[in-house]
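Each reported figure results from applying straightforward, stated rules to the coordinates on display, with no laboratory input. This structure is a prediction, so every number in the text was calculated from the model and none was measured. Cβ atoms come from the backbone with ideal geometry, glycine included; neighbour counts cover every protein chain shown.
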């Protein structure tokens, strides 16, 4: 596959942090990768995109928003699932996209139902049960979402590559 800046760094940092707290065992990574690839092909991102996560998936929601900005120059938002109903929901418009980075459960099903009534496009995925596998699955998923949209619009270079002045300003502040 095609890697963009941060792809390997984010996942390796996440797994390192997890390994400091838990006995890290990874199994079925290829299946998670293929499943994420399949699921990503079902997502149509329109208008404003909201990535929602909780606990261990909230950093992935943040990462997903960064990916859309860096790769596509696309503005998106990320929030904790419980915060979205208090904040982001009030800026969402009919036709916007909400991607919930947490396995289906009663609360997320109710949230999806309510958001669909407002005309939002909502995606919740049948992800794995264990948290480490969820981190892998959702990280792969958001990478495929950015890559898929880039391919769809025939993007030759990542946004951050062609925006030389913006990249220079960013580099001046970071490095």
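Miscellaneous remarks
- For the range 96-163, the relative contact order works out to 29 percent when only alpha carbon pairs closer than 8 Å and six or more residues apart are counted.
- Quotient of Cα Rg and 2.2 N^0.38 Å for the chain, N being how many residues it contains: 1.03
- Estimated translational D of the range 43-93 in µm²/s (Stokes, Kirkwood radius over Cα pairs; 20 °C; 1.002 mPa s): 192 µm²/s
- Placing a pseudo-label 7 Å from each Cα along the Cα-to-Cβ vector at residue 175 and residue 62 gives an inter-label distance of 2.3 nm.
- Structure-based [θ]222 nm, the chain - -39500 (n - 2.57) summed over DSSP H runs of at least 4, per residue, nearest 500: -15500 deg cm²/dmol
- Mean Cβ count within 10 Å, highest first, over the residues of peptides 80-87, 161-168: 80-87, 161-168
- Extension gain from residue 18 to residue 94, taking 0.36 nm per residue of separation minus the Cα-Cα distance: 23.6 nm
- Protection proxy ranking of 135-141, 62-68 - average other beta-carbon atoms within 10 Å, highest first: 135-141, 62-68
- The mean sequence separation of alpha-carbon pairs under 8 Å and at least six residues apart, normalised by the residue count of the chain, gives a relative contact order of 28 percent.
- Additional length obtainable on full extension of the chain from residue 55 to residue 87, 0.36 nm per residue less Cα span: 9.7 nm
- The calculated FRET efficiency for residue 154 paired with residue 30, based on their beta-carbon distance and R0 = 22 Å, is about 0.15.
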